[in-house]
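Asks: Supplied in structure tokens, the structure appears directly below.
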Amino acid sequence: MSNGIITTKDGTRIFYKDWGPKSAQPVVFHHGWPLSADDWDNQMLFFLSEGFRVIAHDRRGHGRSDQTDTGNDMTTYAADVAELARALDLKNAIHIGHSTGGGEVARYVAHAEKGRVAKAVLMGAVPPIMLKTPANPQGLPLDVFDGFRSALVANRAQFFIDVPAGPFYGFNRPGAKVIQGLINNWWRQGMAGGAKAQYDCIAAFSETDFTEDLKAISVPVLVMHGEDDQIVPIEDSAHKAVKLLKHGTLKTYPGLPHGMFATDPEKINPDLLAFARS
């Protein structure tokens with residue numbers, strides 16, 4: 001099948017795409033907030049053309065999955081991935097997560113069944129923790145995320161234009177080449193999801209502490225981050241995360257934004273492929 005639905009233990013229906021030979025090594029893509037599996041179309045087609053099996057799912061509450069009002073937390077997200085991996089019998093998989101999806105990857109991989117995971121990629125990812133706390137004084141203040149919640153409640157449709165038109169892709173930078181299709185596609189994906197799940201997910205991606213997850217991961221991990229990431233600042237994420245990993249490698253990209261795999265796939269895809277084949 002090219003796509004399908006699994007039903008989790010709590011009855012939530014999770015949509016997924018599954019392309020390519022089932023005998024090939026799986027590459028599993030985990031999308032950011034508030035998007036869907038469609039955000040990875042470029043990379044899925046690229047890896048498919050390189051002979052891999054490619055899988056991407058819509059996180060619960062997002063895209064074509066059920067618009068859940070409960071379970072919108074990282075532990076449940078990771079449990080959903082574990083159920084998907086069992087349902088599709090994924091072994092020796094490479095898990096690639098962007099932003100919130102990077103948190104999902106960290107939590108899943110840290111606790112995955114033996115033999116399920118070969119490698120992982122954290123791209124513009126939220127771990128170790130975004131929120132400013134006594135233990136993380138360099139983090140972003142709660143006011144930032146309260147602002148996200150207020151904007152979503154006030155006018156979700158406008159908020160989902162402002163984010164991609166501005167900091168997500170770096171289109172607010174002087175001289176930036178604005179790609180209107182990316183803005184439109186971001187809005188389309190965001191509006192397909194459930195407002196309650198997306199509201200809850202703000203706490204999930206900002207307040208979850210992944211420190212122990214990162215320490216527990218034993219497989220090789222590539223940490224990729226744009227140096228001009230305005231959504232997940234590199235100093236408090238990638239630079240810290242790589243130090244917590246047993247087998248972590250950091251690769252940063254001068255001038256690139258949070259959504260760099262969409263704005264600059266010609267730079268990102270070859271590096272992903274080289275890591276996958278290393």
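Asks: Just check segment 146-246 against the gyration tensor rule for me: Cα atoms, a ≥ b ≥ c as the square roots of the eigenvalues, rounded for a/c under 1.5, and otherwise prolate or oblate depending on whether a/b exceeds b/c.
Replies: Oblate is the answer for segment 146-246, as a/c is 1.5 or above yet b/c matches or exceeds a/b.
Asks: Quick one: which of 119/215; 9/119; 17/119; 177/243; 114/215; 215/267 span more than 24 angstrom between C-alpha atoms?
Replies: 9/119; 177/243; 215/267
Asks: In addition: Considering the dipole of segment 3-148 built from charges on the beta carbon (Lys and Arg +1, Asp and Glu -1) around the Cα centre, which of 62, 90, 77 is farthest to its positive end?
Replies: Farthest towards the positive pole: 90.
Asks: Rounded, prolate or oblate for segment 221-278? Axes are the square roots of the Cα gyration tensor eigenvalues, ordered a ≥ b ≥ c, and the cut-off for rounded is a/c under 1.5.
Replies: Note, shape of segment 221-278 comes out oblate.
Asks: While we're looking at this one, here's another question. Quick one: 3J(HN,Hα) in Hz for segment 132-148, Karplus 6.51/-1.76/1.60 with θ = phi - 60°, rounded, Gly and Pro as x.
Replies: 6, 9, x, 7, 9, x, 8, x, 7, x, 4, 4, 4, 7, 4, x, 4
Asks: Could you rank the peptides 246-258, 103-115 by their average count of other C-beta atoms within 10 Å per residue, with the highest value first?
Replies: 103-115, 246-258
Asks: Would you give the gap between the C-alpha center of segment 133-179 and the C-alpha center of segment 188-244, rounded to a whole Å?
Replies: Segment 133-179 and segment 188-244 have Cα centres spaced 14 Å from each other.
Asks: Rounding to the nearest 20 debye, state how big the charge dipole of the chain is about its Cα centre with +1 on each Lys and Arg Cβ and -1 on each Asp and Glu Cβ.
Replies: 640
Asks: For the pair residue 91/residue 144, report the inter-label distance in nm, with labels modelled 7 Å from Cα in the Cβ direction.
Replies: Going by the 7 Å Cα→Cβ label model, 4.2 nm.
Asks: How much length is gained if the chain between residue 212 and residue 10 is pulled fully straight, taking 0.36 nm per residue apart and subtracting their Cα-Cα distance, in nm to one decimal?
Replies: Full extension of this stretch gives 70.1 nm more.
Asks: So, one more: Which Cα, out of 273, 187, 256, lies furthest along the positive dipole direction of segment 142-278 (beta carbon charges, K/R +1, D/E -1)?
Replies: 273
Asks: Using the charge dipole of the chain (Lys, Arg: +1 at Cβ; Asp, Glu: -1 at Cβ; taken about the Cα centre), state which of 111, 167, 205 has its Cα farthest towards the positive end.
Replies: It is 111.
Asks: Taking a ≥ b ≥ c as the square roots of the eigenvalues of the Cα gyration tensor of segment 1-68, is the shape rounded (a/c under 1.5), prolate (a/b larger than b/c) or oblate?
Replies: It is oblate, given that a/c is not under 1.5 and a/b is not larger than b/c.
Asks: Just from its helices, what would the mean residue ellipticity at 222 nm be for the chain, if runs of 4 or more DSSP H residues each count -39500 (n - 2.57) and the sum is divided by every residue, rounded to the nearest 500 deg cm²/dmol?
Replies: Taking each H run of at least 4 residues, the total per residue is -12500 deg cm²/dmol.
Only the coordinates and a few stated rules stand behind these numbers; no lab work does. Keep in mind it's a predicted model, so treat the numbers as computed, not measured. Cβ coordinates were reconstructed from backbone atoms using ideal geometry, including for glycine residues, and neighbour counts include every protein chain displayed.
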